[in-house]
Amino acid sequence: MGAKFGKVAVLLGGTSAEREVSLMSGNAVLAALQAAGVDAHGFDPAQQDLHILKEQGFERAFIALHGRGGEDGTVQGLLELLKIPYTGSGVMASALAMDKWRTKMVWAACGLPTPRYAILAADTDWDAVVAELGLPIFVKPVHEGSSMGATKVTAAGQLKAAWALAARFDDLVLAEEFVAGAELTVPFLGERALPVIRIEAPGGKYDYQNKYFTDDTRYLCPSGLPAEQEQALQALVMKSARVLGCRGWGRADLMLTADGRPYLLEMNTSPGMTGHSLVPMAAKAVGLDFTALCLAILEDARLG
């Protein structure tokens, strides 16, 4: 089975703030593909130049990079130029989804529900932002994943410090109204949404530490939502992916209010594939084990 893919590069590591997680993801994918008989090799763009993929005879790339320089369209563009088919979204959708602000603008323009927001800068009128969005407010860098540099602000006086923290990661900083409710994530594979996962983090704090390094966060899959509501959320996520131009696989994060209103937060076009990761969990719920999931993602590798 594995032979039909030819020589496969699993791109992992990289130079983003999420390098550590990418190494975990990439090594898990690499082991699964090799166990399935695929001629797969790990390739870390931080250690070797991506241009040599062609010279080394690679015929496909499985992108297990997270964050900037891997999930933002740059690697996808280079692979297009090298004519090496790759997994996941193309150049435009990758770049767009990495930008939380512009993603929200597209969703809002298409009538899809997303929390209200403001862009913060050094000269922002902090009181005006609080008056507009209310408290608490989530402050986050526009281009980082994995909750890097994000803060939940509960008092007006904390807003400037939260902006300063996020600004260490990114020139663009987003303030978003806090939507109280259940935290959900919905992965998709090809044209099909996978089961909804409900996330219950300690103290409601689903941050970098709780995402990857603790076992206190609970993930409920099945989500416990009524079937009709689950299907409506899956349809919303597929629509949110389509308007961004996403393909292959990905995962949308959203909030669901107590009265059943969903709000889209962000789209991940190269989600984690670690032991704690959510796409494998949802795939497992529909009978796809980790290896089968990796093969399905690789099978869908293509050029623009």
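The values are calculated or read from the model by the stated rules, or taken from the named source; none is laboratory data. Since the model is a prediction, treat every value here as computed from it, not as a measurement. Counting neighbours? That spans all protein chains shown, and the Cβs are built from the backbone with ideal geometry, glycine included. In case anyone asks, the SASA skips ligands and DNA or RNA and just uses the protein heavy atoms, side chains included. Shrake-Rupley method; radii C 1.70, N 1.55, O 1.52, S 1.80 Å.
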Original post:
Which of the residues belonging to the stretch 120-149 are open to solvent by less than 60 Å² (accessible area, probe 1.4 Å), small (Gly, Ala, Ser) and either free of Cβ contacts under 8 Å to residues at least 60 places away in the same chain or in contact with a strand residue (DSSP E or B) (Cβ under 7 Å, 6 or more places away or on another chain) (or both)?
Top reply: Ala121, Ala128, Gly134, Gly145, Gly149
**OP:** Kindly indicate the residue of the stretch 99-119 that is more than 24 Å from Gly69 (Cα to Cα) and in a strand (DSSP E or B) and also least open to solvent (accessible area, probe 1.4 Å) among those meeting that condition.
**Re:** Ala118
**OP:** Considering only the stretch 150-188, state which residues are within 24 Å of Ser22 (Cβ to Cβ), buried (at least 20 other Cβ atoms within 10 Å of the Cβ) and either in contact with a helix residue (DSSP H, G or I) (Cβ under 6 Å, 6 or more places away or on another chain) or not aliphatic (A, V, I, L, M) (or both).
**Re:** Thr151, Val173, Leu174, Thr185, Val186, Pro187, Phe188
**OP:** Could you run through the stretch 30-58 and say how many residues are within 18 Å of Gly69 (Cβ to Cβ) and in contact with a strand residue (DSSP E or B) (Cβ under 6 Å, 6 or more places away or on another chain)?
**Re:** 3
**OP:** Could you grab the pairs with beta carbons closer than 7 Å, sequence gap of 6+ or different chains, first residue in the stretch 158-174 and in contact (Cβ under 8 Å) with a residue 24 or more places away in the chain and closer than 11 Å to Lys140 by Cβ, second one assigned to a loop (DSSP other than H, G, I, E, B) and of a type in the set (D, E, K, R)?
**Re:** Phe169/Glu144; Asp170/Glu144
**OP:** Check the stretch 37-47 and report whether any residue there is over 14 Å from Leu298 (Cα atoms) and not in a loop (DSSP other than H, G, I, E, B).
**Re:** yes
Subject >> Single residue of Ala3, Ala40 found to be crowded, with 18+ Cβ neighbours inside 10 Å, farther than 28 Å from Ser147 by Cα and without any contact (Cβ under 8 Å) to a residue 60 or more places away in the chain >> reply: Ala40
**OP:** With respect to Ala95, determine if the residue is open to solvent by less than 60 Å² (accessible area, probe 1.4 Å), free of Cβ contacts under 8 Å to residues at least 24 places away in the same chain and either closer than 25 Å to Ala162 by Cβ or in contact with a helix residue (DSSP H, G or I) (Cβ under 9 Å, 6 or more places away or on another chain) (or both).
**Re:** yes
Original post:
Can you tell me which of Glu80, Glu144, Glu71 is of a type in the set (D, E, K, R) and in a helix (DSSP H, G or I)?
Top reply: Glu80
Original post:
Got a sec? Which strands (runs of 3 or more DSSP E) wholly within the stretch 209-291 have at least 2 residues that are open to solvent by 30 Å² or more (accessible area, probe 1.4 Å) and free of Cβ contacts under 8 Å to residues at least 24 places away in the same chain?
Top reply: 218-220
Subject >> Selection count where residues are within 18 Å of Thr274 (Cα to Cα) and not hydrophobic (A, V, I, L, M, F, W, C), scope the stretch 30-74 >> reply: 8
Original post:
Which of (1) open to solvent by 10 Å² or more (accessible area, probe 1.4 Å); (2) more than 23 Å from Gly2 (Cα to Cα); (3) not acidic (Asp, Glu) does Gly70 not meet, given it meets every other one?
Top reply: (1)
Subject >> Meets criteria (in contact with a helix residue (DSSP H, G or I) (Cβ under 6 Å, 6 or more places away or on another chain) and over 26 Å from Thr15 (Cα atoms)) for Ala128 >> reply: no
Subject >> Unique residue being exposed (fewer than 14 other Cβ atoms within 10 Å of the Cβ) and either modelled with pLDDT of 95 or more or assigned to a strand (DSSP E or B) (or both) when the list is Gly26, Gly13, Gly57 >> reply: Gly57
